[in-house]
Amino acid sequence: MAGRLLSGRAHDQPQLNVNDTVVPTKFAHMVVNTPRFEAMKAWYRDVLGMQTVVDDGFLCFATYDDEHHRLALINMPDLQEKSRDHAGVNHVAYTLPDLGGLLGTYVRLKGLGIEPWWCINHGPTTSMYFRDPDGNDVEFQVDNYSDERLTSWMQSEKFRENPLGVEFDPELPVAWYQAGEPLEALLEQGPRRSAPERGLRRSGGEVPFQAVECQVDHVLGNAERHAHVMLAAGSERAARRH
């Protein structure tokens, strides 16, 4: 009976498609080996709102939505420290619902002593990069435009010339947002001409919102340039904080 069931095929069961690439329906989860098991659990709980599903002291499965787990941590206390000059994943990124969510998250996490090491308007997105206790980079981003405009931006000459974007001080968009500045203006890439009249104007001049373009030797390809600048910027900012 079992043999007949295995060899047979239900009438409504489709034929196997062995010719086309099957596109994933979603990104399910990531798994991290960590020597800082407790610190990593606390960090992802505070930053991403991860709730523990199962934790036996060796494996911790956690999620922030209805997926059974979005993150798994493996407790491996004898692991060597991560080296940033080795091949590997550069960062993982999470899209937040809107700019208010991104800026509110920044303020909330700052109150917990967790601050981004890099804030940059990439053009397609406005992004903040955080670093977990093991040194893994986590990006929070919001889309600046509709899907159609995002695609055209990434194919534009402006993006080719500066694929990284323009850095910004996160305190300024927080103040502008609270002052009622239009979202379109806050999401637009480029230098801001002035700050709202809420004590943000420095003596002797205006305060730029996004004033530093990230530029590296054009001999580098875009992908290598992106990795090079992120590595250099992260190392520099980490050094400043210690």
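The values are calculated or read from the model by the stated rules, or taken from the named source; none is laboratory data. If you're wondering where the values come from, they're calculated on a predicted model, not measured in any experiment. Don't worry about glycine lacking a Cβ; one is built from the backbone with ideal geometry, like all the others, and counts go over all protein chains shown. Surface areas here come from the heavy atoms of the whole protein model, side chains and all, with no ligands, DNA or RNA. Shrake-Rupley method; radii C 1.70, N 1.55, O 1.52, S 1.80 Å.
Do we find that Tyr64 is aromatic (Phe, Trp, Tyr), within 26 Å of Tyr177 (Cβ to Cβ) and open to solvent by less than 50 Å² (accessible area, probe 1.4 Å) in this structure? Lay out the reasoning, then the answer.
Details: aromatic (Phe, Trp, Tyr): yes; within 26 Å of Tyr177 (Cβ to Cβ): yes; open to solvent by less than 50 Å² (accessible area, probe 1.4 Å): no.
It is false that Tyr64 is aromatic (Phe, Trp, Tyr), within 26 Å of Tyr177 (Cβ to Cβ) and open to solvent by less than 50 Å² (accessible area, probe 1.4 Å).
Restricting attention to region 137-188, which residues are buried (at least 16 other Cβ atoms within 10 Å of the Cβ), in a helix (DSSP H, G or I) and small (Gly, Ala, Ser)?
Answer for region 137-188, where residues must be buried (at least 16 other Cβ atoms within 10 Å of the Cβ), in a helix (DSSP H, G or I) and small (Gly, Ala, Ser): just Ala175.
For region 73-99, what are the residues that are within 20 Å of Thr25 (Cα to Cα) and open to solvent by less than 60 Å² (accessible area, probe 1.4 Å)?
Passing the criteria: Val92, Ala93, Tyr94, Leu96.
Any idea which of Leu59, Leu16 is farther than 28 Å from Gly101 by Cβ and surrounded by 10 or more Cβ atoms within 10 Å (Cβ to Cβ)? So that I can check it myself, show each step before the final result.
Details: Leu16 fails: surrounded by 10 or more Cβ atoms within 10 Å (Cβ to Cβ).
Exactly one of Leu59, Leu16 is farther than 28 Å from Gly101 by Cβ and surrounded by 10 or more Cβ atoms within 10 Å (Cβ to Cβ), namely Leu59.
Of Pro133, Pro170, Pro163, which residue is over 14 Å from the mean Cα position of the chain (by Cα) and either among the charged types (D, E, K, R) or over 28 Å from Lys41 (Cα atoms) (or both)? Talk me through it step by step, then tell me what you get.
Working: Pro133 fails: either among the charged types (D, E, K, R) or over 28 Å from Lys41 (Cα atoms) (or both); Pro170 fails: either among the charged types (D, E, K, R) or over 28 Å from Lys41 (Cα atoms) (or both).
Just one listed residue meets the conditions, Pro163.
If the requirement is being open to solvent by less than 50 Å² (accessible area, probe 1.4 Å) and in contact with a strand residue (DSSP E or B) (Cβ under 6 Å, 6 or more places away or on another chain), which of these qualifies: Leu109, Leu102?
Numbers: Leu109 fails: in contact with a strand residue (DSSP E or B) (Cβ under 6 Å, 6 or more places away or on another chain).
Exactly one of Leu109, Leu102 is open to solvent by less than 50 Å² (accessible area, probe 1.4 Å) and in contact with a strand residue (DSSP E or B) (Cβ under 6 Å, 6 or more places away or on another chain), namely Leu102.
Open to solvent by 30 Å² or more (accessible area, probe 1.4 Å) and outside any strand (DSSP E or B): does that describe Glu115? Spell out the reasoning first.
Working: open to solvent by 30 Å² or more (accessible area, probe 1.4 Å): yes; outside any strand (DSSP E or B): yes.
Criteria met by Glu115.
Ala62: under 18 Å from Val92 (Cα atoms) and either part of a loop (DSSP other than H, G, I, E, B) or modelled with pLDDT of 95 or more (or both), yes or no?
Numbers: under 18 Å from Val92 (Cα atoms): yes; either part of a loop (DSSP other than H, G, I, E, B) or modelled with pLDDT of 95 or more (or both): yes.
Yes.
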